[in-house]
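The values are calculated or read from the model by the stated rules, or taken from the named source; none is laboratory data. As the structure is a prediction and not an experimental result, all values here were calculated from the model. Cβ sites come from the backbone with ideal geometry, for glycine too, and all protein chains shown count toward neighbours. For accessibility, only protein heavy atoms count, side chains too; no ligands or nucleic acids. Shrake-Rupley method; radii C 1.70, N 1.55, O 1.52, S 1.80 Å.
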Amino acid sequence: NAGVMQNPRHLVRRRGQEARLRCSPMKGHSHVYWYRQLPEEGLKFMVYLQKENIIDESGMPKERFSAEFPKEGPSILRIQQVVRGDSAAYFCASSTTSGPYNEQFFGPGTRLTVL
Amino acid sequence: AQTVTQSQPEMSVQEAETVTLSCTYDTSESDYYLFWYKQPPSRQMILVIRQEAYKQQNATENRFSVNFQKAAKSFSLKISDSQLGDAAMYFCAYRAGTYKYIFGTGTRLKVLA
């Protein structure tokens, strides 16, 4: 059973460009979570999605950031008009259900560098 | 608000020795999970050990064990017989009756040959 897949692993963008980060959850997992890790910090929750629904986006910046998890295909985290402060590692995790007794499995992350 | 604090930015241990990494947390919940994750240079988040708050017995996974003190809200990780491959960032994390993990800022562990 393949783990959580993220691509690309490394992404370089210039200021003002768009960044698209993809996450394919583990087989059988219908819940996806995105986290951001700024340099020298721990991971911070951004958004929780189920198929075609955003459940909780309380950790997402109000502007330029959006996420989706379509019926078919991977979850996408989209950052428009990137700025240098967006440089970070973005991790996706997936689970079969939500709730306190269900573990999230993390992908390898995408490291975004904004020049 | 729930918080996780790792007060040791960096620790060093001699190969084959034992090291303890500290973690404290703050919560008003009674039922929750605590985790230690290892993040090597590859940045992959690897689950090391997990503890359910309702269990009094400390979790153990081979060379890794925890000292869980619920009243003190303390959750330390002990690594015995340290190996060079244990060198990494270690993150303490908390999860209550929701889906949000709350991570500490991490401890960088260096293993000296």
note = For A:PRO70, the lone unmet condition from (1) within 26 Å of B:ARG108 (Cα to Cα); (2) modelled with pLDDT under 95 is (1)
task = Restricting attention to the stretch A:81-93, report how many residues are in contact with a Gly (Cβ under 8 Å, 6 or more places away or on another chain) and either at pLDDT below 90 or open to solvent by less than 20 Å² (accessible area, probe 1.4 Å) (or both).
result = 6
ask   = Looking at this structure, is B:ARG108 modelled with pLDDT under 95, part of a strand (DSSP E or B), open to solvent by 40 Å² or more (accessible area, probe 1.4 Å) and not β-branched (Val, Ile, Thr)?
value = no
ask   = Is there a residue being part of a strand (DSSP E or B), away from chain A (no Cβ under 11 Å), more than 23 Å from A:LEU49 (Cα to Cα) and open to solvent by less than 60 Å² (accessible area, probe 1.4 Å) anywhere in the stretch B:79-88?
value = yes
task = Would you point out which residue out of B:SER7, B:SER22, B:SER30 is under 15 Å from the mean Cα position of the chain (by Cα), open to solvent by 70 Å² or more (accessible area, probe 1.4 Å) and closer than 27 Å to A:MET46 by Cα?
result = B:SER7
ask   = Can we say A:PRO39 is within 14 Å of chain B (Cβ to nearest Cβ), over 26 Å from B:ARG50 (Cβ atoms) and not hydroxyl-bearing (Ser, Thr, Tyr)?
value = yes
